[in-house]
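Input: a single structure, listed below in structure tokens.
The values are calculated or read from the model by the stated rules, or taken from the named source; none is laboratory data. These figures come from a predicted structure and were not determined experimentally. Methodologically, a virtual Cβ is constructed for each residue, glycine included, from the backbone with ideal geometry; neighbour enumeration extends over all protein chains shown. Heavy atoms of the whole protein, side chains included, go into the accessibility calculation; ligands, DNA and RNA do not. Shrake-Rupley method; radii C 1.70, N 1.55, O 1.52, S 1.80 Å.
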Amino acid sequence: MVTPRKTKHCLAVALSCSLLSFSAMADDSATSSKALSADELMTDRIGRARSAAPESISHKATIIVDGKVVVKGTNGWTCLPDTFPGDGMPMCNDAVWMEMLSAMMKKEDFNATKIGISYMLQGDRGAGVSNSDPFHKEPKKAKDYVETGPHLMIIVPKEMLAGITDDPSTGGPYVMWKDTPYVHIMVPVADK
């Protein structure tokens, strides 16, 4: 049975909760205008790195931020908050992709002998590349500049690329960096 005393108590609790919620919202708006602490920034970058792949992969992956392992994974995948320094385009890569990226950063040859997979489920909007030249000085000015929404990237031995277009405007899978050692298949999985 509800008594006047219980009703007053319930109203007091409800009012207290409302005031606490309002106070928390005010605190949130005040802190949102402040710069993030180093810990908050790292948490944000780890979250961004993990957003590149399905949770079943990214939450057991190694996370590398600015060249340093910040989370040691257990599944052989590596997630990064940026594809290229500071671009904010996260990616998660298997071991083959990490090997290819290492070779590319050193401008060394790479020869795919097995399949490699990379996820970029956030896409690369605003940070695209030349579809033919991974080292283009100003990729946004390249004649073949391309941005892709959420996608997978697949490395395969070169002989498996026959018959796949290098035209990103076809709406399906296409080959990127065709005449380089870093050639791979781009597989869009959603619109931009």
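Below are the figures for this structure:
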| read-out | value |
| --- | --- |
| Tally of residues being in a loop (DSSP other than H, G, I, E, B), closer than 20 Å to H151 by Cα and either open to solvent by 50 Å² or more (accessible area, probe 1.4 Å) or not small (G, A, S) (or both) across segment 33-58 | 1 |
| Failed criterion for V65 (all others in (1) surrounded by fewer than 21 Cβ atoms within 10 Å (Cβ to Cβ); (2) of a type in the set (A, V, I, L, M); (3) at pLDDT 95 or above; (4) over 16 Å from M176 (Cβ atoms) hold) | (3) |
| Residue that is farthest from D87 (Cα to Cα) [pool: residues in segment 166-189 that are open to solvent by less than 50 Å² (accessible area, probe 1.4 Å) and in a loop (DSSP other than H, G, I, E, B)] | G172 |
| Count of residues meeting criterion [closer than 23 Å to G149 by Cβ and at pLDDT 95 or above] in segment 92-112 | 5 |
| Output for segment 139-165, where each listed residue is more than 28 Å from S51 (Cβ to Cβ) and open to solvent by 20 Å² or more (accessible area, probe 1.4 Å) | K141, K143, K158, E159, M160, L161, A162, G163, T165 |
| Members of segment 113-128 that are at pLDDT 90 or above and open to solvent by less than 20 Å² (accessible area, probe 1.4 Å) | G116, S118, M120 |
| Residue within segment 81-88 that is open to solvent by 70 Å² or more (accessible area, probe 1.4 Å), more than 17 Å from S118 (Cβ to Cβ) and either at pLDDT 95 or above or part of a helix (DSSP H, G or I) (or both) present | no |
| Check on T74, open to solvent by 70 Å² or more (accessible area, probe 1.4 Å) and in contact with a strand residue (DSSP E or B) (Cβ under 9 Å, 6 or more places away or on another chain) | yes |
